[in-house]
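What follows is one structure encoded as structure tokens, with my remarks underneath.
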Amino acid sequence: MPSELLRSLPSIDRLLERPLASHLSVGLSRDRVRDLLREITGELREELTNGVQESGLSAQSLTELVERRLESRAAEYAQPSLRRVINATGVIIHTNLGRAPLAPQAIQAVSEAAAHYSNLEYDLKLGERGHRETHCQDLLARLAASEAAVLANNNAAAVLLVLNTLAEGGEVIVSRGELIEIGGSFRIPDVMEKSGVTLREVGTTNRTRISDYQKAINERTKLILRVHPSNYRIIGFTERPTVQQISELARNAGVPSFEDLGSGCLIDLSPYGVKGEPVVSESLKAGISVVSFSGDKMLGGPQAGIIAGTREIVDRVRRNPLMRALRVDKMTYAAVEATLALYERGEALTDVPVIRAIAATREQILNRAERLCESVGRSSNGVLKASLEEGGSVIGGGSAPEVSLPTVLVALKGDEISAASIEERLRGFRVPIITRTERDRVMIDLRTVAEEDERIILEALATLSQPASHSAASVEV
């Protein structure tokens, strides 16, 4: 029987001449469709040989089976690898979901820079070659209260640049309690080693005094480093020198001080419940020589590492040959500048998505959650029951780990469909919707959902009354 079924498998050439393959060839090319057909028929041949497929298949039903798989495979292939998703998790700076969404003004600036030539390395006043590092520097310096500033492609790169520039071949003093590991098993000691410096640990995990730093200073000391513990907190029997103490000790020792601020806040977010995140300008006003921080975390811009400090140090960083390997492109400059402009105009709370999400009150989220909850029963044709529940949103991205912002969650539960199935179906929608599950319920936190995206969530929920194979909209290819 398997041999008869195998002989019934349609040939690739015959399948290519059928309407479906001809239609798909317009978008994917005939060669790509041929490759997909070979892949699918090869799978079917193996299934028939191993008895996975039922024995009563006819030549016609085999052809239909091949074409169903072809249509599904072609739709999947047509999707870009990097896709837009809706973040309904309540994790504001979600590393797995691209961290900070950009403000509309930043998106427009990126589009303008990408679509046209620009003065990236051209001095319009002098009519001659310029330097890309000059872009954003004045705006950044004003907001950070520094003499100068420069961009690298992320904060790890910024730390590497500063350490290599200021302390290559020498010792850098750092507290044991600040030798942190960030995402992807990326450790501060590893960055320091690659920068060409020698790490000199002082103090203990939970207690480091300014006298520990002082005792460690010697003729090989080139820098004193302070690292903000962005992604963890040590509480209880602890001690840590202040920024002022570190800067004063470094000044008296005749060496620069450097603070890695991690997330980096340009404004004080403590009124909105985010405590313990230092404001960039405060460190520099306290006398720290140079700081670095991320552009795509608490700042709410694109991925970038920002270095701000004295003009002498920033100029040295600019001249470091590593800068060329770690520099940013024109689109990053455009997005950073547009984002910073919103801070300078006092519009970050309303226009920068990350800051707006942090500042959103429980009452604002409750109003939206109530409306969504009322609409769920209608949009899902009674398949789902929706209720409201108190909850907490988190900052994410390795920032403010102890902070929980009061929110109201929309809890979804189905009588005949599990939370895991709901979550999977939402994730497989034409615009994937990422949620979290608790106690066999799907939880939606609107703090991280744009208001205009609520209708997409309702559309996706409406498909739950359909078979799973029809739940996701087909993709034109």
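The values are calculated or read from the model by the stated rules, or taken from the named source; none is laboratory data. Keep in mind that what you see is a predicted model, and the values were worked out from it rather than measured. Ideal geometry is used to build each Cβ from the backbone, glycine not excepted, and the neighbour counts take in all protein chains shown.
Please work out which residue is modelled with the lowest pLDDT, limiting yourself to segment 236-289 and to residues that are closer than 23 Å to Thr339 by Cβ and polar (S, T, N, Q). If we take residues in segment 236-289 being closer than 23 Å to Thr339 by Cβ and polar (S, T, N, Q), then Ser263 is modelled with the lowest pLDDT.
Only one of the numbered conditions (1) within 25 Å of the chain's Cα centre (by Cα); (2) acidic (Asp, Glu); (3) surrounded by 15 or more Cβ atoms within 10 Å (Cβ to Cβ) is not met by Glu112, and that is (3). So Arg368 passes all but one of these: (1) surrounded by fewer than 20 Cβ atoms within 10 Å (Cβ to Cβ); (2) farther than 16 Å from Ala450 by Cα. Which condition number does it fail? For Arg368, the failing item is (2).
Of the candidates Val336, Val314, the single residue that is under 19 Å from the mean Cα position of the chain (by Cα) and touching a residue at least 60 places away in the same chain (Cβ under 8 Å) is Val336.
Residue check: Ala325 meets all listed conditions (1) under 22 Å from Arg132 (Cβ atoms); (2) of a type in the set (A, V, I, L, M, F, W, C); (3) crowded, with 22+ Cβ neighbours inside 10 Å but one, namely (3). Collect the residues in segment 239-276 that are in contact (Cβ under 8 Å) with a residue 40 or more places away in the chain and small (Gly, Ala, Ser), keeping them in residue-number order. The answer is Ser247, Gly262, Ser263, Gly264, Gly273, Gly276.
For segment 97-113, residues that are farther than 29 Å from Met443 by Cβ and of a type in the set (D, E, K, R) total 1.
When restricted to residues that are among the polar types (S, T, N, Q), outside any loop (DSSP other than H, G, I, E, B) and closer than 30 Å to Asp445 by Cβ, segment 45-96 contains 3.
Yes/no matrix, rows are residues, columns are (1) within 39 Å of the chain's Cα centre (by Cα); (2) surrounded by 15 or more Cβ atoms within 10 Å (Cβ to Cβ); (3) basic (Lys, Arg):
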site	(1), (2), (3)
Leu20	yes, yes, no
Gly27	yes, no, no
Arg32	yes, yes, yes
Glu39	yes, no, no
Leu44	no, yes, no
Leu48	no, yes, no
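Would you mind stating whether Glu259 is acidic (Asp, Glu) and crowded, with 24+ Cβ neighbours inside 10 Å? For Glu259, the condition - acidic (Asp, Glu) and crowded, with 24+ Cβ neighbours inside 10 Å - is met. Scanning segment 417-435 for residues that are at pLDDT below 95 and polar (S, T, N, Q) gives Ser418, Ser421. Within segment 379-409, track down each residue that is closer than 20 Å to Ile93 by Cα, in a strand (DSSP E or B) and of a type in the set (A, V, I, L, M). Correct list: Val394, Leu405, Val408, Leu409.
Within segment 436-477, being within 24 Å of Arg73 (Cβ to Cβ), among the charged types (D, E, K, R) and modelled with pLDDT of 85 or more holds for no residue. From the list Leu384, Leu426, Leu446, the one residue that fits, being over 25 Å from Arg83 (Cα atoms) and hydrophobic (A, V, I, L, M, F, W, C), is Leu384. If the condition is being touching a His at 6+ places or on another chain (Cβ under 9 Å) and in a loop (DSSP other than H, G, I, E, B), then segment 329-352 contributes no residue at all.
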